[in-house]
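Before anything else, here's the structure in question.
Only the coordinates and a few stated rules stand behind these numbers; no lab work does. Note that the coordinates shown come from a computational prediction; the quantities given were computed from them, not determined experimentally. Here the Cβ is made from the backbone with ideal geometry for all residues, glycine too, and neighbour counts use every protein chain on show.
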């Protein structure tokens, strides 16, 4: 893709907006369509876009494989951690009511962290799938 | 305080352990965590069983949302019994795994192996403990997806096709289950099992409910390998890593049987399923076919893992046979056989894994004269085999006896003859192993002792010893199964 100047410039312009849109979808999940799953996919799509234009090795410098694997695990851990926090604060597992003095604020806080966990894991999984498909043949040749 | 949260911790503990194992990326640490998780899970399940026995069913509201709106975890006599079975199998298989995984799985994948194992345990415990129909589907997928990966990690390249075959069949099964759950939700507007059961009698339009029943029956039968939907099972058990063969043989199909019993008795109700529809007749025919055809198939296998995999299909036939009798006796025979068969099969596959480690294969010609070289392993296989046959003094006898008694209560004396006849087939296939291991001479160059390592022998022998002990002391197994059966008939009948 070295010679496609237009694509390279446009990609550089678009990627920040894609990431911003991912954050918008993530935080607007309370009020409209959106949430962690969609946001995670969009964020992963931005990295995949980068990989398509600038090549897989460059994308792996930005998002190394170990980081992607750690994202997959830590998102689940964050989700389950919210559940355990509910127990530690005297409620049931995944009880958001006790996460704040005001139960409604507690629900907001709980869903915020849970959705963050979902977004991290989903974008990790998407990238992992992409890396595995894109790396076929290349990684074995190295 | 902590005792009130045991139902959540039962599932959350392995669920949290799995990502932690991925984060530490060390096989040894992951093994240690898995060992701790498995043993604490066993402890939790025993405490839960105790609580249920003392105070009746436990209902835990996830997120403090009351059912039927929120997800409810419900532990009653039946689910407590199955929880103990699953976590006992994990507690025995994990210490065994260390040596067998070192030999069979490449080093850089060890931490992923244990993470998948933890997820598989999460799924199986979750299916059992949840009181929510859609949650059952989710946990079913958690356990199934991790199982596919675990099977594919087998050393043999055919493990990949075996895993793929299971993936296709398992996905069809899961799709049918979710269609069934969807139809139930459509007709009742609820996903909570207890709530669905209460609303079903008021549903005027019967056809979607019957369709839901049909979809669920076929889907779950695929997962529990009811003949003729068992085709995925022999390959999966044969080519999976040894410890996974043992864990799956002891738990996966058993949990599916639990789901079937749960839907039949606690959701649709015994009257609809067994009195108004010809379900018992179909179950009876398929169970008999499994008992005979799969046993005959086992007789012709050269690979011992495959031989005992076919034997599993036959033994599942006994379990569904007990179910088809539609009586407290038959149901408790089915439930007790879940446990007794799991012990024997788990022990068998663990011991076969030892043979695999030492001789490099488990075909019948590999085990010629093995009794002199691995005396403890072969003797363990013989005793577990006796339990499969149902010889008095083993746990297998207890469940066979309960089954025969239930058949006599129903006045089906010809069924008793068939049960005994199929047990003779079990004698024949176990004898093939005995003949090769004890009566044939070993190859002349191979005479030195090659007994399996202690870390593999001890867990397997614990299960063998339990199969003998539970042949005499039936308070927990038969007692627990009977209580569960009475509860189901009290609730659904």
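Can you give me the angle between helix B:375-389 and the longest principal axis of chain B, using Cα atoms only, in degrees from 0 to 90, rounded to the nearest 10?
40 degrees
Here's something else I'd like to know. May I ask you to compute the full-extension gain from residue B:4 to residue B:421, defined as 0.36 nm times their residue separation minus their alpha-carbon distance, rounded to one decimal in nm?
145.3 nm
Would you calculate, for chain B, the mean residue ellipticity at 222 nm contributed by helices, counting each DSSP H stretch of 4 or more residues as -39,500 (n - 2.57) and dividing by all residues, to the nearest 500?
Helices in chain B give a 222 nm mean residue ellipticity of -24500 deg cm²/dmol.
What list do you get for B:368, B:120 if you sort them by fewest beta carbons within 10 Å?
Lowest to highest Cβ neighbour count: B:368, B:120.
In segment B:155-190, whose amide N lies under 15 Å from the spot 7 Å out along Cα-to-Cβ of residue B:205? List them in ranges.
Taking a point 7 Å out along Cα→Cβ of residue B:205, the residues of segment B:155-190 whose backbone N falls under 15 Å are B:182-190.
Let me ask you something else. For the protein assembly as shown, what number results from the quotient of the Cα radius of gyration and 2.2 N^0.38 Å?
Ratio of Rg to 2.2 N^0.38 Å for the protein assembly as shown: 1.00.
Sort B:110, B:230 so that the residue with the fewest other Cβ atoms within 10 Å of its own Cβ comes first and the one with the most comes last.
Ranked by crowding around the Cβ, least crowded first: B:110, B:230.
Which residues in segment B:341-376 place their backbone N less than 19 Å from a point set 7 Å from the Cα of residue B:441 along the Cα-to-Cβ direction?
Only B:365-374 pass the distance filter.
Using Cα atoms only, what is the angle between the long axis of helix B:304-324 and the major principal axis of chain B, expressed in degrees (0 to 90) to the nearest 10?
With rounding to tens, the tilt is 30 degrees.
Do you know the relative contact order of chain B, to the nearest whole percent, from alpha carbon pairs under 8 angstrom that are 6+ apart?
15 percent
As an exercise, use a Förster radius of 41 Å and the Cβ-Cβ distance of residue B:156 and residue B:285 to find the FRET efficiency, rounded to the nearest 0.05.
0.75
Here's another thing I want to ask about it. May I ask you to order B:406-416, B:80-90 by the average number of other C-beta atoms within 10 Å around their residues, highest value first?
B:80-90, B:406-416
Using a 10 Å cut-off around each Cβ of peptide A:74-86, what is the average number of partner chain Cβ atoms that fall inside?
Shielding by partners across A:74-86 averages 4.
Sticking with this one: Need one value for B:68-74: mean number of C-beta atoms belonging to other chains within 10 Å of its residues' C-beta atoms.
1
Before rounding to the nearest 500, sum -39500 (n - 2.57) across all DSSP H runs of length at least 4 in chain A and divide by the residue total; then give [θ] at 222 nm in deg cm²/dmol.
-26500 deg cm²/dmol
Principal axis extents for segment B:278-493, Cα atoms only, whole Å, descending order, please.
Principal extents (largest minus smallest coordinate, Cα): 63, 32, 22 Å.
Could you state the angle between the C-alpha long axis of helix B:328-359 and the longest principal axis of the C-alpha atoms of chain B, as a value from 0 to 90 degrees rounded to the nearest 10?
30 degrees
Per residue Cα convex hull volume for chain B, in cubic angstrom?
127 Å³
Give the Cα extents of segment A:5-137 along the principal axes, in whole Å, largest first.
Per principal axis, max minus min of the Cα coordinates gives 56, 30, 18 Å.
Okay, moving on. Using the count of nearby Cβ atoms within 10 Å as a rough guide to exposure, how do B:326, B:202, B:473 rank from fewest to most?
B:202, B:473, B:326
Tell me the label-point distance for the pair residue B:25, residue B:412, using the 7 Å Cα-to-Cβ offset, in nm and rounded to one decimal.
5.7 nm
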